[in-house]
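Q: This is the structure, below, for whatever I ask next.
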Amino acid sequence: MPDLHAALHAHFGHRSFRPGQERAIAAVTDPAGPRDALVVMPTGAGKSLCHQLPALMRDDLTVVVSPLVSLMQDQVDGLRARLRSAPSGPGAVGMVNALQDPEENEAALTAALAGSLRLLHVAPERFAAPGFLPRLARARVGLFVVDEAHCVSQWGHDFRPDYLRLGEAARRLRARAVMASTATATPAVAADIENRLGLRAPVRIATGFDRPNLTFAVVPCGSGAERTGRILDVLGDPSARPAIVYTGTRRGAERLAGQIGDALGIPVGAYHAGLPPERRCEVQRAFVGGPVDVVVATNAFGMGIDKPDVRTVLHDGAPGSLEAYYQEAGRAGRDGAPARALLLTTRRDMALQRHFIERSDGL
C-alpha cells in the first residue's frame, strides 16, 4: 500500500488529511485495483486534493473535466504555484480549452500523449470536437475525474448536456478508475451521477455539509429598495469584504454593481453570462487577486472559485433551489475563518418559491 501521508507531505507539505480525503485517495490508488469513487464534500473541504495527489503519485495521465474555463484556470494556476518547489514540478499540469490559443492546446495535448504531463484539465465540450477523443485515447489514462459532477444529473441544479458524453469518454479512454466529485448531491442526484457516468461499484465518500465557521441568516425586507439598502449597510463595513453578491438577472447585476461602487467608493465587478469570456476572466482575476473586493453576479459566477478569504456571500433574492443556494453560499469562509451567508428576501420571493414547490409537487 503506498504511503499516502508521505506523498502528501512530499507534494503539498501537509502532515495530515482532511476528513474524507485519505479514503478517496486510497480508493483510486489501491494496488489491488483502483476503485471508482463518488466524493461529496462541502466547498472548501479539499475535493481537488483527492485527485491531485493521486495524479502526482502515478506515472500515467489523470484527465480532469472542469465545467468552466475560469474554474480550470484557477485550479491549474493554483497547483502550478504549489508545485514550484515539489518533486513533480509545475510542468506536470496542462489544460485544453477554448480560451487558449490553438498552439497552446496542441502543446498541452502533445505533452499528455508524450507522457510528460500528470494532469490534463479539459473542458467538457472538447469531447464533442472531431478527432479529440480518439487522439487522447492514445495516452495512458489512469484516472478520469469529473469535477462538479452534479452537472451530469438531470436532478442537479446545474445540468449541462455536454456532461452526458463523459461516461462514454471514460470508457473510450480505458481509464482505470473514475472519480466524480461535487459539493452537494441529494440521494437522487448521487444515484443519477453513478448511473450516467457508469461508475463501477464506487467507493462513496460523503463528509457532511456542516460548515461551523459559516453563519447563515435570512433577512426579510419590505421592498427591493430596502434590500439594496441592507446590502450597502453590510458591505460598508470593510470586515465584510471580500464579498460576493448574487442577483437574479444580468441587468440587475450591472445595476447593483454600479450602485454599490458609487455609494461606497470602492471598485466593484459585475459578472454574468452576457459578458464576453475575456471580460469574465478579467473580473474573476481582479476579484481573486485584487483589487476588486466585491463582485455582483448571476449564478454564472463562482463554481470552483479559488478565493478562500471571502467573508460574505449575499443573495439579493432567493435562488432557484436549495442546492444552488448551498453551492453559492459555500463560497464564503473557505479559509476556515468566520464568514456569513445572508439571504435577503421579500414577500414576492417567498410567494414565487411557494409556487415552484407546489408546481413540482403536482408533476
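Q: Restricting attention to segment 24-48, which residues are over 22 Å from R82 (Cβ atoms) and surrounded by 15 or more Cβ atoms within 10 Å (Cβ to Cβ)? Talk me through it step by step, then tell me what you get.
A: Applying the first criterion (over 22 Å from R82 (Cβ atoms)) to segment 24-48 yields 27, 30-38, 40.
Within segment 24-48, A27, P34, R35, D36, A37, L38, V40 qualify.
Q: Residues of segment 127-149 being at positive phi and crowded, with 22+ Cβ neighbours inside 10 Å, which ones? Steps first, answer last, please.
A: We begin by selecting, within segment 127-149, every residue at positive phi; these are 131, 148.
E148 - this is the single residue of segment 127-149 that is at positive phi and crowded, with 22+ Cβ neighbours inside 10 Å.
Q: So, V218, is that one open to solvent by 60 Å² or more (accessible area, probe 1.4 Å), more than 30 Å from A177 (Cβ to Cβ) and of a type in the set (V, I, T) or not?
A: Details: open to solvent by 60 Å² or more (accessible area, probe 1.4 Å): yes; more than 30 Å from A177 (Cβ to Cβ): yes; of a type in the set (V, I, T): yes.
It is true that V218 is open to solvent by 60 Å² or more (accessible area, probe 1.4 Å), more than 30 Å from A177 (Cβ to Cβ) and of a type in the set (V, I, T).
Q: Kindly establish whether D210 is under 21 Å from the mean Cα position of the chain (by Cα), open to solvent by 30 Å² or more (accessible area, probe 1.4 Å) and among the acidic types (D, E).
A: yes
Q: What pairs come up if the first residue lies in segment 1-14 and is touching a residue at least 60 places away in the same chain (Cβ under 8 Å), the second is surrounded by 14 or more Cβ atoms within 10 Å (Cβ to Cβ), and their beta carbons are under 6 Å apart, counting only those six or more places apart or on different chains?
A: These pairs meet every condition: H11/L56; H11/A86.
Q: Can you say whether A240 is in contact with a helix residue (DSSP H, G or I) (Cβ under 6 Å, 6 or more places away or on another chain), in contact (Cβ under 8 Å) with a residue 12 or more places away in the chain and surrounded by fewer than 22 Cβ atoms within 10 Å (Cβ to Cβ), as far as the supplied structure shows?
A: Values: in contact with a helix residue (DSSP H, G or I) (Cβ under 6 Å, 6 or more places away or on another chain): yes; in contact (Cβ under 8 Å) with a residue 12 or more places away in the chain: yes; surrounded by fewer than 22 Cβ atoms within 10 Å (Cβ to Cβ): yes.
Criteria met by A240.
Q: Starting from residues that are loosely packed, with under 15 Cβ neighbours inside 10 Å and of a type in the set (G, A, S), keep the ones in segment 246-273 and report whichever is nearest to Q73 (Cα to Cα).
A: Step by step, filter segment 246-273, then rank; the result is A273.
Q: Within segment 181-193, work out how many residues are more than 9 Å from V40 (Cβ to Cβ) and surrounded by 23 or more Cβ atoms within 10 Å (Cβ to Cβ).
A: Looking only at that region, the number is 1.
Q: Here is a follow-up. Is there a residue in segment 194-216 that is touching a Ser or Thr at 6+ places or on another chain (Cβ under 6 Å) and outside any strand (DSSP E or B)?
A: no
The values are calculated or read from the model by the stated rules, or taken from the named source; none is laboratory data. Since the model is a prediction, treat every value here as computed from it, not as a measurement. Using ideal geometry, Cβ is built from the backbone for each residue, glycine included, and neighbour counts are taken over all protein chains shown. Keep in mind that these areas ignore ligands, DNA and RNA; they rest on the heavy atoms of the full protein, side chains included. Shrake-Rupley method; radii C 1.70, N 1.55, O 1.52, S 1.80 Å.
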